[in-house]
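**Student:** Questions regarding the structure given below will be posed in turn.
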Amino acid sequence: MRRAQDLFRAAQNRGVARYSGFLSDREQSLAEAAMNQVGCTWAAFSGGYPAAERKLLCLEPAGASGEPPICCVLISCAVMGGEAPAHKDYLGSLLGLGLERECVGDILPDPETPGRAYAFVLERVAPLLCDELVSVGRCSARCERFDGPLPDHSVQRESKTATVSSLRADAVLAAMLRCSRGQAEALVRGGRLEINHVPVSSSHAPVYEGDVFTVRGMGRFKLEALGGKSRKDRLFIQYFQY
């Protein structure tokens, strides 16, 4: 939050656009809170394409012209009979060049062409990628700037339903993970649960529609909707896993 506010003051005092590195969804929430604290009404976020998850904080005061320093790089891998690289392989190869995580935004494997992915990175590191990235996983690779339209990366997430005895963190978590309530309680006690990016230490913590559950090592879930009650007086919930 202090970094975001320092960026705001630099933009405001100099009248020039300023941009952060790529932020996770939690960091975006903190940056937004920081902007609210200083009364900034002209902050925005951009990740290079409409549905981006990792985004830059963009601070462009009135009269200042600027463009988010984001470049899309096409990574093409030679897949020779083996498995095509996955998201973690692309990310690992990019960070293996010595890049910091804030330099790399979303990485979108092409849904129709195995071995091809689109990486959104800070403009300043794009030349390094194009010159230095020669492999991803076990595949040789090459990079080039990409300015064309992206393939359809829309994600159809499967919604699931369950019933819970109450809207407590352990009860809802157990339903999402399809485990016992005791196992869910152990995860909470072990510090492995965050709700809306805030660590949860109490199994009794109330949860609400729209909450995002992050379980370290087990995935991320969203409580989409709350329904009525079953004949056994249990509550219906609807959720999906990211």
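The values are calculated or read from the model by the stated rules, or taken from the named source; none is laboratory data. Being a predicted model, the structure only gives us computed values, none of them experimental. Note: ideal-geometry Cβ built from the backbone for every residue, glycine included; neighbour counts use all protein chains shown.
**Student:** Looking for something assigned by TED's automatic domain parsing to the domain that holds Gly217, touching a Phe, Trp or Tyr at 6+ places or on another chain (Cβ under 7 Å) and aliphatic (A, V, I, L, M) - is there at least one such residue anywhere in the stretch 142-157?
**Tutor:** no
**Student:** Of all residues in the stretch 115-143, which are under 24 Å from the mean Cα position of the chain (by Cα), surrounded by fewer than 15 Cβ atoms within 10 Å (Cβ to Cβ) and farther than 20 Å from Pro50 by Cα?
**Tutor:** Once the filter is applied, which keeps residues that are under 24 Å from the mean Cα position of the chain (by Cα), surrounded by fewer than 15 Cβ atoms within 10 Å (Cβ to Cβ) and farther than 20 Å from Pro50 by Cα, the stretch 115-143 yields only Arg124.
**Student:** Does the stretch 31-42 contain any residue that is hydrophobic (A, V, I, L, M, F, W, C), modelled with pLDDT of 95 or more, touching a Lys or Arg at 6+ places or on another chain (Cβ under 6 Å) and surrounded by 15 or more Cβ atoms within 10 Å (Cβ to Cβ)?
**Tutor:** no
**Student:** While we're looking at this one, here's another question. Which residues, counting only those in the stretch 144-166, are at pLDDT 90 or above, surrounded by 13 or more Cβ atoms within 10 Å (Cβ to Cβ), in contact with a strand residue (DSSP E or B) (Cβ under 6 Å, 6 or more places away or on another chain) and part of a loop (DSSP other than H, G, I, E, B)?
**Tutor:** Result: Phe146, single match.
**Student:** Here are some residues: Tyr90, Tyr19. Which one is part of a strand (DSSP E or B), in contact with a Pro (Cβ under 8 Å, 6 or more places away or on another chain) and either surrounded by 15 or more Cβ atoms within 10 Å (Cβ to Cβ) or of a type in the set (Val, Ile, Thr) (or both)?
**Tutor:** Within the list Tyr90, Tyr19, the selection yields Tyr19.
**Student:** So in the stretch 188-207, with the set limited to residues that are in contact (Cβ under 8 Å) with a residue 12 or more places away in the chain and assigned to a strand (DSSP E or B), which one is farthest from Leu23 (Cα to Cα)?
**Tutor:** This residue is Pro206.
**Student:** Of a type in the set (A, V, I, L, M), farther than 17 Å from Ala17 by Cβ, surrounded by fewer than 20 Cβ atoms within 10 Å (Cβ to Cβ) and not assigned by TED's automatic domain parsing to the domain that holds Asp131: is that true of Ala78 in this structure?
**Tutor:** Judged against the criteria, Ala78 is not a match.
**Student:** Considering each residue of the stretch 203-242, count those that are surrounded by fewer than 12 Cβ atoms within 10 Å (Cβ to Cβ) and polar (S, T, N, Q), and give that number.
**Tutor:** Residues meeting the conditions: 1.
**Student:** For the stretch 103-141, what are the residues that are under 15 Å from Cys72 (Cβ atoms) and either part of a loop (DSSP other than H, G, I, E, B) or charged (D, E, K, R) (or both)?
**Tutor:** Asp106, Asp110, Arg116, Glu123, Arg124, Leu133
**Student:** Every residue in the stretch 53-103 that is modelled with pLDDT under 95 and among the β-branched types (Val, Ile, Thr), please.
**Tutor:** Residue satisfying the conditions is Val79 alone.
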